[in-house]
1. Which residue pairs have Cβ atoms closer than 8 Å, lie 6 or more positions apart in sequence or on different chains, and pair a first residue in region 93-120 that is closer than 19 Å to ALA159 by Cα with a second residue that is charged (D, E, K, R) and crowded, with 16+ Cβ neighbours inside 10 Å?
2. I'd like to verify a number: residues in region 141-159 that are polar (S, T, N, Q) and either farther than 16 Å from LYS176 by Cβ or in contact (Cβ under 8 Å) with a residue 24 or more places away in the chain (or both), how many?
3. Any idea how many residues of region 295-338 are part of a helix (DSSP H, G or I), polar (S, T, N, Q) and touching a residue at least 40 places away in the same chain (Cβ under 8 Å)?
4. If you take the residues of region 279-294 that are part of a helix (DSSP H, G or I) and not β-branched (Val, Ile, Thr), which of them is farthest from MET261 (Cα to Cα)?
5. Whether any residue in region 262-280 is of a type in the set (Gly, Ala, Ser), on the phi > 0 side of the Ramachandran plot and modelled with pLDDT under 95 is what I want to check.
6. Output the residues belonging to region 206-262 that are among the hydroxyl-bearing types (Ser, Thr, Tyr) and under 19 Å from PRO10 (Cβ atoms).
7. Residues that are at pLDDT 95 or above, farther than 25 Å from LEU214 by Cα and either in contact with a helix residue (DSSP H, G or I) (Cβ under 7 Å, 6 or more places away or on another chain) or crowded, with 16+ Cβ neighbours inside 10 Å (or both): does region 249-258 have at least one?
8. For region 159-217, give me the residue count where each residue is in a loop (DSSP other than H, G, I, E, B), of a type in the set (D, E, K, R), over 18 Å from the mean Cα position of the chain (by Cα) and farther than 20 Å from ALA234 by Cβ.
Amino acid sequence: MSVIVSAGLPTGMEGLTYPIPFSDPEAVIRIAQHAERLGYHSVWGNDHMTTQHYVRAEFPVPPRFWEPLVTYAFVAANTKTLRLGTGILVLPMRRDIVVTAKQIATLDHFSGGRVEIGVGVGAYREEFEALWPDAKVHRGDMVEEGVKALQLLFSERAASFDGAYYRFRDVELYPKPQQKRLPIYFGGNSANHLRRVAESADGWIPAGMEADRLRGHVAELHAMAAKAGRDPKAIAVAPQYVAHLGRTQDAAVARFKESQMYKHLMSLRKSTLKDQIGRPMEDINLIGSVDAVVSKAQALKEAGVTHFLGLYFAANSVQELLDQMQIFAEEVTPKIAG
């Protein structure tokens with residue numbers, strides 16, 4: 001079974017996974033072009049609107065969080081074959097779903113049909129509350145409803161929707177996306193996402209999940225998909241992992257623990273990664289020597305991974321990130337992709 005490998009793009013990662021400054025526009029384009037030259041399937045950028053509390057406390061200047069869909073318009077113009085994914089687009093922060101659908105469809109045409117959309121609730125509820133301080137919503141239900149609305153807008157000539165969070169009437173959204181079925185993934189480790197993916201999505205994006213646990217969830221996902229009348233093999237299992245390669249296991253772990261990425265993962269143990277408390281981050285993620293990372297990746301592939309989606313390379317400079325991308329592409333990907 002073949003597996004896809006893609007790279008993370010720092011659209012909203014300064015101060016979180018990378019130091020400030022890091023991702024100016026030139027660097028973002030350079031990283032995307034590097035990914036294309038190295039044969040990565042796609043790049044995946046994330047979505048933040050305001051600075052997280054712990055980032056404000058650590059850095060004297062704010063990070064640059066680029067809006068991913070607009071950023072991808074520039075990336076598309078500077079690449080030819082690289083696919084462009086959101087990992088993830090935080091739908092609860094985007095209250096006008098029709099405008100979001102229009103942006104996605106437009107980007108898909110201008111990129112030549114290279115767009116893939118991962119959606120989720122977002123790791124930091126404080127961001128949602130900053131944008132909508134008085135809103136009373138269940139963000140998971142809101143994301144599920146948003147995906148139904150997007151799929152309706154992308155498929156029906158004139159679409160109407162009357163949900164708890166999204167409402168529109170007789171919207172003729174044209175042009176539809178260039179792709180006959182634009183891939184949509186649910187991102188997150190919540191058990192509810194398995195049902196959502198099984199019922200309607202093209203893929204599932206869990207975060208930093210060890211092989212044994214992933215294997216069990218993949219079995220659940222496939223069973224639910226079959227029950228829903230869908231082909232389980234048509235659904236991508238596309239987890240995100242942090243990667244860092246070193247000459248030895250000890251050298252890789254030591255460098256990883258010096259990175260801003262490590263601090264970020266520790267912060268997520270209060271939300272997205274709360275089930276990983278007590279487990280060393282370097283054991284769960286693709287951290288180590290080339291041989292160790294290949295072994296981990298093979299185990300994850302055997303557990304059901306079809307796409308190592310948006311690998312986030314731990315690095316404290318753009319050059320270190322580019323170097324890590326190259327080592328992985330040249331020394332790991334050929335051993336796991338086939």
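1. From region 93-120, the pairs are THR100/ARG94; ALA105/LYS176.
2. 1
3. Residues that pass the stated criteria total 3.
4. Start the filter on region 279-294 by keeping residues that are part of a helix (DSSP H, G or I), which leaves 281-284, 290-294.
Cutting the leftovers down to not β-branched (Val, Ile, Thr) gives us 281-283, 291-292.
Numbers: MET281: 11, GLU282: 11, ASP283: 15, ASP291: 22, ALA292: 20 Å.
Selected residue: ASP291.
5. There is at least one residue in region 262-280 that is of a type in the set (Gly, Ala, Ser), on the phi > 0 side of the Ramachandran plot and modelled with pLDDT under 95.
6. TYR241, SER259, TYR262
7. Yes; the residues of region 249-258 include at least one that is at pLDDT 95 or above, farther than 25 Å from LEU214 by Cα and either in contact with a helix residue (DSSP H, G or I) (Cβ under 7 Å, 6 or more places away or on another chain) or crowded, with 16+ Cβ neighbours inside 10 Å (or both).
8. Residues flagged as in a loop (DSSP other than H, G, I, E, B), of a type in the set (D, E, K, R), over 18 Å from the mean Cα position of the chain (by Cα) and farther than 20 Å from ALA234 by Cβ within region 159-217 amount to 2.
The values are calculated or read from the model by the stated rules, or taken from the named source; none is laboratory data. This is a predicted model, so every value here is computed, not measured. Quick reminder, even Gly has a Cβ in these numbers, built from the backbone with ideal geometry, and neighbours come from all protein chains shown.
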